[in-house]
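Shown next, in structure tokens, is the structure this report addresses.
The values are calculated or read from the model by the stated rules, or taken from the named source; none is laboratory data. Model, not experiment: these values are computed from the prediction. Cβ sites come from the backbone with ideal geometry, for glycine too, and all protein chains shown count toward neighbours.
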């Protein structure tokens, strides 16, 4: 990917990326309420990172530009019995640094993730976004995502 004439590298996240990733997760009105981007909060994030990182069905991805982490996502590959036993890809935790929004990076990153799903033989790509994130709904609609299902969550904390 290119941005402003220089390369953006999409790569698997490293544990050393974790502080920047958690900062991205916390850098919006919803994330500010539920994320803990402090040294004291990193233990639970590191445990989650290690579990995700060792499972080949999951990828923690980052975009690096000019030596800085500027976007992230989690891409998971899920087998299923429905749709003829097909695989699906789940895109989660998509974040782009505020000063990089509106510059085409997020669009290229999502197309890249969709390409990975095709390469892995998935029959569909799914994601969820909070109902209050209307700008995200418009963003994902440009790729052909539709609000075809009603998602439900039960918080256990």
Quiz prompt | Selection count, segment 72-89, where residues are in contact (Cβ under 8 Å) with a residue 24 or more places away in the chain and not in a helix (DSSP H, G or I) | solution = 8
Quiz item: Among the residues of segment 39-64, how many are without any contact (Cβ under 8 Å) to a residue 12 or more places away in the chain and within 11 Å of residue 93 (Cβ to Cβ)?
Solution: 1
Exercise. Determine whether segment 144-155 contains at least one residue that is modelled with pLDDT of 95 or more, assigned to a strand (DSSP E or B), farther than 23 Å from residue 16 by Cα and over 15 Å from the mean Cα position of the chain (by Cα).
Key: no
Practice problem: Would you check if residue 139 is over 20 Å from residue 79 (Cα atoms), touching a helix residue (DSSP H, G or I) at 6+ places or on another chain (Cβ under 8 Å) and in a helix (DSSP H, G or I)? | Solution: yes
Practice problem: Mind listing just one residue for me: the one in segment 3-27 that is free of Cβ contacts under 8 Å to residues at least 60 places away in the same chain and in a loop (DSSP other than H, G, I, E, B) and, of those, farthest from residue 105 (Cα to Cα)? | Solution: 14
Practice problem: For residue 130, work out the one condition from (1) modelled with pLDDT under 95; (2) exposed (fewer than 14 other Cβ atoms within 10 Å of the Cβ); (3) closer than 28 Å to residue 56 by Cβ it doesn't fulfil. | Solution: (3)
Exercise. Return the only residue of 123, 86 being touching a helix residue (DSSP H, G or I) at 6+ places or on another chain (Cβ under 7 Å), surrounded by fewer than 18 Cβ atoms within 10 Å (Cβ to Cβ) and more than 17 Å from residue 24 (Cα to Cα).
Key: 123
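Yes/no per residue for (1) in a strand (DSSP E or B); (2) buried (at least 16 other Cβ atoms within 10 Å of the Cβ):
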{"residue": "49", "(1), (2)": "no, yes"}
{"residue": "59", "(1), (2)": "yes, yes"}
{"residue": "69", "(1), (2)": "yes, yes"}
{"residue": "91", "(1), (2)": "yes, yes"}
{"residue": "102", "(1), (2)": "no, no"}
Quiz item: In this structure, does residue 110 turn out to be surrounded by 17 or more Cβ atoms within 10 Å (Cβ to Cβ), in contact with a helix residue (DSSP H, G or I) (Cβ under 9 Å, 6 or more places away or on another chain), assigned to a helix (DSSP H, G or I) and modelled with pLDDT of 95 or more?
Solution: yes
Exercise. Tell me, please, whether a residue that is exposed (fewer than 15 other Cβ atoms within 10 Å of the Cβ) and at pLDDT 95 or above can be found in segment 15-23.
Key: yes
